[in-house]
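The values are calculated or read from the model by the stated rules, or taken from the named source; none is laboratory data. A quick note: this is a predicted structure, and the numbers were derived from the prediction, not measured. Glycine also receives a Cβ, built like all others from the backbone with ideal geometry; neighbour counts cover every protein chain displayed.
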Amino acid sequence: MRAAHRLTQRVATRQASAIAPTAGQGVNPAPTHMLPPVSLLVEQPEVGAFNPPKRLLMGPGPGNAHPRVHAAMALPQIGHMDGAFLQMAEEIKEMLRYAWQTKNPFTVPCSGTGSAAWEALCANLTSPGDKHLVLVNGYFGLRHCDMASRYGAEIIKLEKPWGEVFTPEEVDAACAEHKPDMIWVAHAETSTGACQPMDQLGEIARNHDCLLAADTVTSIGGLPVRLDEWGVDAAYAGGQKALSCPPGIAPLTFGDRALTKMDKRTAAGEQVKNWYLDMNMIKQYLVVNDFGVPRVYHHTAPISMAYALREALGILTEEGLEASWSRHRDAAEFFWNELEKIGLECHVDWEHRLPTLTTVKIPEGIDGGKVVTYLRENYNIEIAGGLGALAGKVWRIGLMGYNARRENAALVCAALRDALDAQGYYRAPGLLYPSRQHSRSSFHGSA
Ligand SMILES: Cc1ncc(COP(=O)(O)O)c(C=O)c1O
């Protein structure tokens, strides 16, 4: 009975607001047709405005987007076939080529997060039965095995402990043994914080007549990425890391050898087994040839996300690639030195450490999960724990894009110190910041 009364009230309120003048639009004429009160199967939920907490996002991503990027998302909407939008898409493509250091004409923003661009790579460049040599030294290598096998790839895993990287000799030997059609590698393994050296991999791929595909989600914009120099044939990235963009749109690029593979598949009558990510169709919308062939609608482009990516790339371009790489490096080295001062160690050796993502070893006796919660509840700082083989062993701390600054590194270190003290963590008196407890009486862990 009371529910029925509430519903009647809501219908009355809705009808009243339907005829109320809208701010700035003058008085609407009274509607000539009024719907009779109806009973709804699902009642109108009680909702207000969403006010998310303000967090400093220092985990593996997303990082905080640049305020200018948020502002760009509020720009007026235009249509995805509007010339102004298509012109802006061209600017995105040009700036992506700069960020990646590639001349590939096929360099596009892909709707969806980094995984969508990754899936596009798999769907378009895998023929059933193709062999993928997957360099697995972390969680994302395993994801490629899963994703590519869904498109019919035979997976050959080349494995290393999580946090280590591969030598060119190891990759070359695996190619000689297995004769793959594609080598897949994570340039920046976000699950481990390791940076894979890319020198010689392109040459190896050419010598063995296979494609080289690279995941650059956590490297683009934050550390040197030189796709053409490295001989990378296909790559994807994400916006939400060193590009300071929210997640939802992802860069994708195919070089000549990758496009030839696509053409061969088409000529053989093979269909891309993913309609949404079929780049043969998307090409007709986003990549026109010199003769000005009209653009063909494929799916509605995420307009505001494209604004965001354009602004993010604009900010990177204004700063300059080398300056951005240096800023990331500077903040990371500062962070690593600060960590040492509180007795914390990094999981990856200095030479192969990513500046964008650091894995910090959780000291013995410390509850890593509680530290993550402590930082969030007491400092509004987000960091993350380890994934897969590193779960419970490391924290993952990102210094990416807009957040890659010394002040954030210092703040995270101070918050970590406090969180560790809260668990009675013992730091040797010799360290710059010894623990509050100068004896091991309340010892839970060791420096
Ligand atoms: C190395 C790497 N590859 C791929 C992805 C997947 O990207 P997304 O989560 O945007 O789909 C991530 C996400 O963190 C990543 O770190």
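Here are a few things to note about the model shown:
- Of all residue pairs spaced 6 or more apart or on separate chains, those with beta-carbon atoms under 6 Å, a first member in the range 210-234 that is under 15 Å from ARG257 (Cα atoms) and a second member that is among the aromatic types (Phe, Trp, Tyr) and within 13 Å of the ligand (Cβ to nearest atom) are ALA213/TRP184.
- Scanning the range 285-316 for residues that are more than 30 Å from ASN64 (Cβ to Cβ) and touching a Phe, Trp or Tyr at 6+ places or on another chain (Cβ under 9 Å) yields TYR285, VAL287, ARG295, VAL296, TYR297, HIS298.
- Among the residues listed as GLU94, GLU90, the single one being part of a helix (DSSP H, G or I), farther than 17 Å from MET305 by Cβ and free of Cβ contacts under 8 Å to residues at least 24 places away in the same chain: GLU94
- Residues located in the range 12-61, provided they are touching a Ser or Thr at 6+ places or on another chain (Cβ under 9 Å) and either at pLDDT below 55 or within 16 Å of the ligand (Cβ to nearest atom) (or both): PRO60, GLY61
- Among all positions in the range 290-312, there is at least one residue which is over 21 Å from the mean Cα position of the chain (by Cα) and either under 15 Å from MET88 (Cβ atoms) or among the polar types (S, T, N, Q) (or both).
- Summed over the range 349-384, residues that are surrounded by 22 or more Cβ atoms within 10 Å (Cβ to Cβ) and either within 16 Å of the ligand (Cβ to nearest atom) or within 21 Å of the chain's Cα centre (by Cα) (or both) total 9.
- Residue selected from the range 102-143 under the condition assigned to a helix (DSSP H, G or I) and of a type in the set (Phe, Trp, Tyr), by the criterion nearest to the ligand (Cβ to nearest atom): PHE140
- Only one of the numbered conditions (1) assigned to a strand (DSSP E or B); (2) out of contact with any Phe, Trp or Tyr (no Cβ under 6 Å at 6 or more places or on another chain); (3) of a type outside the set (Phe, Trp, Tyr) is not met by VAL360, and that is (2).
- Matching entry among THR190, THR167 (being of a type in the set (Ser, Thr, Tyr), surrounded by fewer than 17 Cβ atoms within 10 Å (Cβ to Cβ) and either within 24 Å of ALA389 (Cβ to Cβ) or more than 16 Å from the ligand (Cβ to nearest atom) (or both)): THR167
- Criterion applied to GLY365, GLY385, GLY369 was being among the small types (Gly, Ala, Ser) and at pLDDT below 95, and the one residue passing it is GLY365.
- The residues on offer are PRO52, PRO62, and the sole one that is closer than 23 Å to PRO355 by Cα and in a loop (DSSP other than H, G, I, E, B) is PRO62.
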